[in-house]
1. Of the residues B:ILE414, B:ILE472, which is touching a residue at least 60 places away in the same chain (Cβ under 8 Å), farther than 26 Å from C:TYR143 by Cβ and either acidic (Asp, Glu) or assigned to a helix (DSSP H, G or I) (or both)?
2. State whether the residues of the range A:57-69 include one that is of a type in the set (Gly, Ala, Ser), in contact with a Phe, Trp or Tyr (Cβ under 8 Å, 6 or more places away or on another chain) and over 19 Å from B:TYR138 (Cβ atoms).
3. Working only within the range C:255-271, note down all residues that are touching a Gly at 6+ places or on another chain (Cβ under 9 Å) and modelled with pLDDT under 85.
4. Among all residue pairs at least 6 apart or on different chains, which show Cβ distances below 6 Å where the first residue, located in the range B:216-230, is within 7 Å of another protein chain (Cβ to nearest Cβ) and the second is open to solvent by 10 Å² or more (accessible area, probe 1.4 Å)?
5. Given the structure, is C:ALA10 of a type in the set (Gly, Ala, Ser), part of a helix (DSSP H, G or I), open to solvent by 10 Å² or more (accessible area, probe 1.4 Å) and under 28 Å from B:GLY462 (Cα atoms)?
6. What are the pairs with Cβ atoms under 6 angstrom where one residue, in the range A:1-26, is in contact (Cβ under 8 Å) with a residue 60 or more places away in the chain and at the interface with another protein chain (Cβ under 7 Å from one of its Cβ atoms) and the other, located anywhere, is crowded, with 24+ Cβ neighbours inside 10 Å and charged (D, E, K, R)? Sequence gap at least six, or different chains.
7. In the range B:300-320, which residues are small (Gly, Ala, Ser) and either crowded, with 24+ Cβ neighbours inside 10 Å or without any contact (Cβ under 8 Å) to a residue 40 or more places away in the chain (or both)?
8. Looking only at the range B:338-369, count how many residues are part of a helix (DSSP H, G or I) and acidic (Asp, Glu).
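The values are calculated or read from the model by the stated rules, or taken from the named source; none is laboratory data. Because the structure is a prediction, the values reported are computed rather than measured. Note: ideal-geometry Cβ built from the backbone for every residue, glycine included; neighbour counts use all protein chains shown. For the accessible areas, the whole protein counts, side chains as well, though only heavy atoms, and no ligand, DNA or RNA atoms are used. Shrake-Rupley method; radii C 1.70, N 1.55, O 1.52, S 1.80 Å.
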Amino acid sequence: MFALGLIGLLVRRNLLFILMAIEVMLNASGLAFVSAGARWGQADGQVMFLFILTVAAAEVAVGLALLLRLYHRFHSLDVDAASEMRG
Amino acid sequence: MSSADFTALLPLIVLSATSVVVMMAIAFHRNHRLTVFLSFAGLALSFWALWPAASVVPLQVTPLLVIDRFSLYYFGLIFAATAAIVLMSYGYLERHDVRREEFYILVLVAALGCCVLVAADHFISFFLGLEILSVTLYALSAYLTEREIALEAGMKYLVLAAASAAFLLFGMALVYASTGTMSFPQIANDLLSGGAAHIWVLAGVAFMVTGFGFKLAVVPFHLWTPDVYQGAPAPVTALIASISKGAMFAVLLRFFYQSGARDLHSTLLIFAIIAISSMLVGNLLALFQSNVKRILAYSSIAHLGYLLVAFEAGGKMGAAAGTFYLTAYVITTLGAFGVITALSSSGRDAEDIEDYRGLFWRRPIIATIFTAMLFSLAGIPLTAGFLGKFYTVAAGANSSLWSMIFVLVVASVIGVFYYLRVVVAIFATENVPSDAERPLPAVHAVGGFTLCALAVVLIWLGVFPHPVLDAIHRAMSGLF
Amino acid sequence: MFHLLWLVPAIPFAGAALLMIFGPRMAHRTAAWIGCCSIGISAVISMLIAWQFLHQPPAGGSYTQHLWTWMSVANFHLGISFYLDALSLIFMLVVTFVSFFIHVYSSEYMRGDEGFSRFFAYMNLFVASMLVLLLGSNLLLLYLGWEGVGVCSYLLIGFWYTDPKNGLAAQKAFITTRVGDTAMAVGLYLLFRQLGTLNIQSLMQAAQHQWPHGSVYATAAGLLLLGGACGKSAQLPLQTWLPDAMAGPTPTSALIHAATMVTAGVYLIARTHVLYSLAPTAQLAVAVVGAATLIAAGFAALVQDDIKRILAYSTVSQIGYMFLGLGVGAWTAAIFHFMTHAFFKALLFLASGMVITSMHHEQNIFKMGGLRKELPLAYWAFVIGGCSLAGLPLVTAGFYSKGLILWGALSSPVGSATLWFFGVIGVLMTSLYTFRLIFITFHGPCHHKPSQKTGWLMGVPVIVLMTLSVVGGFVELPSYLGNHPWFTNFLQSALPATAEGHAPLTELGAEGIVVLAFFLGLGAAWFFFLQRRELSESMAGSGLGRALHRWWYTDWGMDWLYDRLFVRPVGWFSRTNKKDAVDLIYTGTAAVTRSGWSSLRLTETGRVRWYATALVVGTVIFVLIVALL
Amino acid sequence: MEAIFYIAAIVAVLATVLTVTRLNPVHALLYLTVSLLAVAVVFYTLGAPFMAALEVVIYAGAIMVLFVFVVMLLNLGRHTVEIERSWLSPGAFVGPAILAAILVGEVSYLLARSGTLTPPVAEVSPHQVALSLYGPYLLGVELASFLLLGALVGAYHVGSRRAQGRTTVGSRSDRTGLASGGDLVRTGADRPSGAA
């Protein structure tokens, strides 16, 4: 799933999809933590997942705010539209 | 938590309280000057709180944070750097027609994130610190929302930082899965006992390198640097370049030293590759660049490469050399971006090399400060940068890293070329634009004062480094 | 008192920093106060230190003040520390005092100039660097001060940077001294490499112990350091920059290009005298360079028409005397001449500054004349300074110091009658050109009426220096005058005594010949330039005279020679050999870096997905490394 | 139990594939939600029932709602699908897929080399999680609240549309006065619920 999220990140030009792909990647890492925690029978993995959840929410909040802003500015969600700086 | 715990955490508590106080103050009365004053006072108070904290260290505060001399040294660096950024931002934001006050909340929270990173010896606090820093930096990079390139910078930073954080997390999960612990020293125990799942740790560390490498902006994770440096407002760039990288380097030292992951062959190999390619690629990219912010971005890639040489050298000497280099680098970067901040007008940042043509004849003081900063970056004697490089080379030589030293020297020679290009532009006497052609904004007194102070500290460190070196050597007790 | 030593360079430095930062917004009056007071305080402290040095000499004749360690790695420690012994004390005293008077003078001379505070900032910075150069206990500080004074000299020569001619002169000075500096840097590195320390005193001790007499290393190091000294002190063959350096403001010429900086070479050689004692070849080279320079510059001075250029050539010539003294082992005599020269040459420059100001910045002496009545103070300053320079017997300082050098050249085992003979010819030349200058400028018909009168701020320093130019010589009385070598005795703790060898003449007899040469020159000048000016003009007008005049006027054609020898061949070489192998290395490196840059630049596409791909590729590679190992 | 684990895992992977490849954002979101629900089931089988619940409530619930909001706000409809089609050629998948495959291959190779880790699945009750969250990791909770504070202020600033030329130029900042301060207070009031 992590790899799938990665593919999504690399393939998509639409910022919305990229954000979704990032969510998938974070979720996959969370899954890894929960299963690792389960392996050791510890609560730590789940605690970490909880924080990942929080972080995911925060990132999405800022990410979507930025997305709205970009859309108003460029009238497109194409990330390549905003590639003025290079070289 | 005991009272000693609270004393040890006092600097962090004061800092967090400051951000809340600033927010409250904004809620009741929006005033730029008041906000700056409160932020600065809070940072000063946090700095003061280092002394009570120093009396109880080293202390493990909950499994998440460890407050020792190493942490306190970096706290001090972060507080001072943040205070400088806050003061420099005042004049800059005054010229911009945006909501100004939230900027300071974000800066304070970012500083908190850096402090958490520095004190983290557990994956949870490491991750949280990193994310506190990242999330605020997304917003800060795009702070001037009316600028397209700022939005672009924010977007690029967001996507890549989130992706690299996912890699980091995945690596942490692998390490956790194999060792069953998330605390750095306990990972070391597991590694020492040679657990069956040794290889998992290696794979996890390799993934984590991506997370480290992104924030440190080293090859091959460096591509975002110039764009974000260019797009973000100059004070934010200063923040990204100085304390964000500094805190990341601190946690790099702490993680790899305390978890014992530094002693793995493949780790050393990976970092050697990163260091060598960063030094070369960064300097080569900067060669004919005409945008000063991008030049500094590329040079920062190279500087992080030099820092990794100190990391590779290892031992107390390597860590101390790295810390000193970093201190010098933070001061220098703040100064350089401070000059850009001070000379930026409301429309655009002063980032083109042409903006600096003949600056010496128009603004001698600020031009001299900028020259001093560039000399320090180039590693010219009597500046802090020279001593940093000297100690790094000495540490490298001590560990017989001859190939890396060779690359370092070659890269430094290339580096001198582009720093001198800027210096030549500053002292150029021909085609100096007049005030009418290219008006220079008046330097705000607060920012100007900060710049002078930075220049003084730079020279002071370059000439009389001993107090700081002693502090660093004491700080190293936290790692060993 | 000794612990105040660090303040001596620190205060001028602080003054320079203050003036640089706040100068532009400062009233001229404040800037002048800061500039003069910092040097004044520094001079007072030097005097206190000297007082204590005389009354309670430190153990071993030297005092080291260790301030802090700059770098320390393993067994290599490099400290910021100052070293005071009789030699550096003399230099320190002269530098601070002469600087102080010149600063006072400048506060009037530069009045109303746009860059008033900038001037004082540079001057203060110069004094600070010069003191670091003198007091530094290790090669690094020495080099730092050495480069520092070079930079200040560059900045001050090009002080009026709006005139491109001044900028060119500054560049010429910088590049020429750079040639010497490179030699010196190599020499210093050689010393460090061979002897393993940077501390000058330990270096000298180590050299004495490790290197045999006539050792190759000592010779090489000595010659390389001599190269540096030639550059900074404007000795043959690197002397051409100094006359052009007169483009700077006159106080600058007085301080930097006459009294202090140009004698740094003398200081360097005196400081490393052990090397030269070990390497007779190098020492002989010093003497030959000195003798050749003093004659060549003497002739060049004879035909110049710019008042400051005459003085510049005379400076070159007098430093030639100092080198001659060093070269024959008359160490203390050279230092003695440095001191008296600082007094009278600063005096002459300051007086010429008065003349130039009142003549509306006219510097050609043939456009002056008859100024004796109009500018009595300047006239008397020139007379006293000139007499001291030329060595009027018994009453002037220059007579004693030059006499000591000449006696050393004749009597020391390293000296010879030839060197002495050159020196005596030099005396003749000196007195000839000095009095030519005085007679043409102050006597004869008056061409222009001087306008401005100068104030007391310019007058007082001139009077003080006049006094010093006379009494400065009485600290050392030769044997035929009662034999009171106070100065030599004082320096004995730092420099070895002049060895006495077989001399063909007695000291009194030799001195008699020198005095004769002086009066011969004076008489000739009086005859040709005052009584029968037309005679000198017809001589200069004849074919041979014109050729010689032209040859000497262009400083023996040195600039022309350099142009032919270096500038043009290099230009020709680079033009015709564009595709040469040597060139190919440079263009090749440039091309490689440039192509590296342009190909790497392509990676910065600005596309975020591409950046993310790089991130992933990096991760893949690193995980692969882990997997394979 | 094991069967459920594998079925849920396969569903999760398939749903994720579809998320990545869908052209219509709403469809993609739906598949993402499905994927998250499947992961919740996986959590349950791994003995983490509390996490399963949170996954549904926060991820599938709250975070997805944010996405839906944005999709609605921007009115992304048929037009988007067309654009997406033009952007998303099958060829575009090749490179990233290869990279991802290599990465997966490497990790599986590493895992295979070290021998399989038999997961001794033990249920970790919500009680245990709570004890450790508010015990040793209490500071983490505090830090998370600051993370949210930062995110909140950031999102508030970046998202607000005020800056676009509606204000007059002035050197003092009082002009927005208490009104926008009030904004912040109101938005700030959400903080405790976010941090919990």
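1. Working: B:ILE414 fails: farther than 26 Å from C:TYR143 by Cβ.
None of the others qualify; the one that does is B:ILE472.
2. There is no residue in the range A:57-69 that is of a type in the set (Gly, Ala, Ser), in contact with a Phe, Trp or Tyr (Cβ under 8 Å, 6 or more places away or on another chain) and over 19 Å from B:TYR138 (Cβ atoms).
3. C:ILE256, C:HIS257, C:MET261
4. Correct list of pairs: B:PRO220/C:ALA614; B:LEU223/C:ALA614.
5. Yes, satisfied.
6. From the range A:1-26, the pairs are A:ILE18/A:ARG12.
7. First, pick out the residues of the range B:300-320 that are small (Gly, Ala, Ser): B:300, B:302, B:305, B:310, B:313-315, B:318-320.
Selection gives B:SER300, B:ALA302, B:GLY305, B:ALA310, B:ALA313, B:GLY318, B:ALA319.
8. In the first step, residues of the range B:338-369 are kept if they are part of a helix (DSSP H, G or I); the result is B:338-343, B:353-356, B:359-362, B:364-369.
Add one more test, that the residue is acidic (Asp, Glu), and what stays is B:354-355.
Matching residues across the range B:338-369 total 2.
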